[in-house]
1. Report the antiparallel proportion of the DSSP beta bridges in the chain as a percent, rounded to a multiple of 5.
2. Distance check, please: which entries in Lys149/Lys197; Lys184/Lys250; Lys157/Lys250; Lys52/Lys157 exceed 20 angstrom between their Cα atoms?
3. For a quick check: with amide H placed at 1.01 Å from N, whose amide H comes under 5 Å from Leu125's, ignoring anything fewer than 5 positions away on the same chain?
4. Straight-line reach from Lys248: which lysines fall under 22 Å, measuring Cα to Cα and dropping same-chain residues less than 8 apart?
5. Enumerate by residue number the trypsin sites (Lys or Arg not before Pro) in segment 106-204 meeting two conditions: DSSP loop (anything except H, G, I, E, B), and at most 12 other Cβ atoms within 10 Å of the site's Cβ.
6. Under 20 Å Cα to Cα from Lys199, which lysines show up? Leave out anything in the same chain fewer than 8 places away.
7. Would you mind checking which residues have amide H under 5 Å from Phe33's amide H? H placed 1.01 Å from N; only 5 or more apart, or other chain.
8. Can you give me the C-alpha center-to-center distance between segment 1-59 and segment 112-151, rounded to a whole angstrom?
Amino acid sequence: MKIIVAIKQVPERDAQVRIDSSGKWIEEADVQFAMNESDAYALEEALQLKEKHGGEVAVLSAGPERVGATIREALAKGADRAIHIDADNLHQLDSLSVARILASAIKPESPDLVLTGLQSDDLGLGQTGVILAELLGLPHASLILTVEKTGSGLTVKRELEGGWFQTIELPLPAVLTIQSGGNKLRYATLMGIKRAKTKEVRRVSASELGTPGAPLAVLESIALPHKQRSTQILPGSAREAAAALVEKLKFEVRVL
């Protein structure tokens, strides 16, 4: 089975970000970057399928020179090779434009399966993988937790709302967007890090893959969220107030 995993490099979750002078993106000089969380789970799913059924796992990532560190991490974890699409302005493109670039790189590969993360930790749009499936003309499913290969295709488990799950079957080739938490992520071993240095990383510019076309959406500005504190007084008896507090912690704060 030939699997391609699209991975994205994003600012680390605890990074202290500042908006740059253009007001359209962040100052990247002092920010540490890492592999997008749900993309890491997509990679893990691909590696587990390879270990069970054989084949090849190739990672695909678009971005500037610094993306090479995330690509090497994926190779160290067990991916066989990588494609790095040189693109410095990825954050300025909408999901359709990014998906067009990725699709142009994926089509010549003719993979059996394409995996992406459900959404990115920086923009969080959750659209690129689904649009990619449409551009490739392949069946797809989203919010995937587990993937099992069958004789005729795949059986996947999807996470739905309210604690519900759905199991469906898909033919191959297909595109899946993977949800975080479906499996346990592996660490890169010392031997894996050494082997990664000898694995193929093919670089191609976004211009070589063709222009993505006019974007449907343009990022005009970004802003940091306003910090706001508020106090609520819960009326009623102690029992009633406690019940109301539990409801808020469950459905508003979502910590229970």
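Just so you know, all these numbers are worked out from the coordinates, no wet-lab data involved. Quick caveat, the model's predicted, so the values are computed rather than measured. With ideal geometry, Cβ positions are generated from the backbone for all residues, glycine too; neighbour counts draw on all protein chains shown.
1. 35
2. Where the Cα-Cα span goes over 20 Å, the pairs concerned are Lys149/Lys197; Lys184/Lys250; Lys157/Lys250.
3. Here Ser120 satisfy the definition.
4. Once the sequence-local lysines are set aside, what remains near Lys248 is Lys227.
5. Lys184, Lys197
6. Straight-distance partners of Lys199: Lys2, Lys8, Lys50, Lys77.
7. Excluding prolines and chain starts, which carry no amide H, the hits are Glu12.
8. 14
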